[in-house]
1. Can you tell me which residue among ARG156, ARG129 is under 30 Å from GLU234 (Cα atoms), surrounded by fewer than 20 Cβ atoms within 10 Å (Cβ to Cβ), out of contact with any His (no Cβ under 6 Å at 6 or more places or on another chain) and not hydrophobic (A, V, I, L, M, F, W, C)?
2. Six or more apart or on different chains, Cβ under 9 Å: which pairs go from a residue in the stretch 165-179 that's on the phi > 0 side of the Ramachandran plot to one that's of a type outside the set (Ser, Thr, Tyr)? Could you list them?
3. So LEU76 fits all but one of (1) touching a residue at least 24 places away in the same chain (Cβ under 8 Å); (2) part of a helix (DSSP H, G or I); (3) over 25 Å from HIS128 (Cβ atoms); (4) of a type in the set (A, V, I, L, M); what number is the exception?
4. Looking at the stretch 232-249, I want the residues that are farther than 28 Å from PRO64 by Cα and surrounded by 14 or more Cβ atoms within 10 Å (Cβ to Cβ) and have a partner that is modelled with pLDDT under 95 and among the small types (Gly, Ala, Ser) with Cβ atoms under 8 Å, at least 6 apart or on another chain. Which pairs are those?
5. Would you call GLY191 at pLDDT below 95, over 20 Å from the mean Cα position of the chain (by Cα), within 19 Å of ASP111 (Cβ to Cβ) and in a loop (DSSP other than H, G, I, E, B)?
Amino acid sequence: MSVVVRLDRLLANMGYGSRREVQQMVRAGQIRLDGTAVTVADMKLAAAPDLRERMTVRGQKLDPPPGVVLMLHKPLGVTCSHKDAGPLVYSLLPARWRSREPAISTIGRLDKETSGLLLLTDDGDLLHRIISPKRHVPKRYLATLARPLDGTEVARFAAGTLMLEGDDKPVAPAVLEPLSPTTAYLTVTEGRYHQVRRMFAAVGNHVDALHRDRIGSLALPDDLAPGAYGLLGEGEVVAIFSAPDAPGDPGPAAVESN
């Protein structure tokens with residue numbers, strides 16, 4: 001159910017300016033709804049997804065209303081943080097989006113040297129549903145290794161007995177799909193710190209490159225370039241919580257690119 005909110009509050013929370021600035025835009029005829037200039041800044045309306053198609057601000061289509069879910073192709077060298085030094089993933093989004101309230105945040109993290117599928121949202125409930133350990137949402141990574149696999153890793157990762165350095169309990173069973181002597185898909189259902197890299201380290205190997213290509217049955221589209229993002233629809237959000245049909249199945253991945 002969509003939340004009913006005042007127009008000036010909605011646009012201020014979406015980063016368009018203060019309420020006073022939004023009121024000034026209304027007086028200047030710069031906000032239009034269904035083709036007609038809005039004349040009342042405190043009018044109440046439903047912040048529904050279709051509002052983006054119905055409203056323009058200064059001649060441009062409205063940004064996604066609250067409840068936005070994004071898929072971003074995270075490039076190497078950027079950090080999933082609001083505060084760390086160096087390039088941040090949020091710098092890949094429109095500047096105004098970084099002033100939204102509630103803020104758009106990453107759903108989990110990929111480290112600076114890992115690329116691939118990253119989800120972001122301003123929906124706190126959805127964020128916690130996806131990262132909750134109780135959900136066991138599968139995440140698949142393509143790992144490029146420093147040394148050839150020795151043939152024992154599939155069974156060792158699947159056993160649920162592998163201990164990582166510094167941890168006091170073994171990792172949950174994980175699925176390893178070798179692609180070549182030095183490349184493999186690894187699907188995990190936990191979110192431990194640097195888990196994939198540490199799992200390979202525990203079996204005497206080193207990850208040279210790491211790329212996440214799928215969460216649940218939601219796959220990173222081949223045509224979504226590094227640094228680009230798209231808006232997810234309801235069907236794509238549902239796919240996050242469903243397991244792939246079979247190894248190698250690409251899964252649904254339609255997004256509205258920006």
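The values are calculated or read from the model by the stated rules, or taken from the named source; none is laboratory data. Source: prediction; values computed, not measured. Backbone-built Cβ (ideal geometry, glycine too); neighbour counts: all protein chains shown.
1. Details: ARG156 fails: under 30 Å from GLU234 (Cα atoms).
Exactly one of ARG156, ARG129 is under 30 Å from GLU234 (Cα atoms), surrounded by fewer than 20 Cβ atoms within 10 Å (Cβ to Cβ), out of contact with any His (no Cβ under 6 Å at 6 or more places or on another chain) and not hydrophobic (A, V, I, L, M, F, W, C), namely ARG129.
2. Partner pairs satisfying both residue conditions: GLY166/ARG198.
3. It is condition (2) that LEU76 fails.
4. That search, which allows pairs on different chains as well, returns PRO244/GLY251.
5. Numbers: at pLDDT below 95: yes; over 20 Å from the mean Cα position of the chain (by Cα): no; within 19 Å of ASP111 (Cβ to Cβ): yes; in a loop (DSSP other than H, G, I, E, B): yes.
So GLY191 fails the test.
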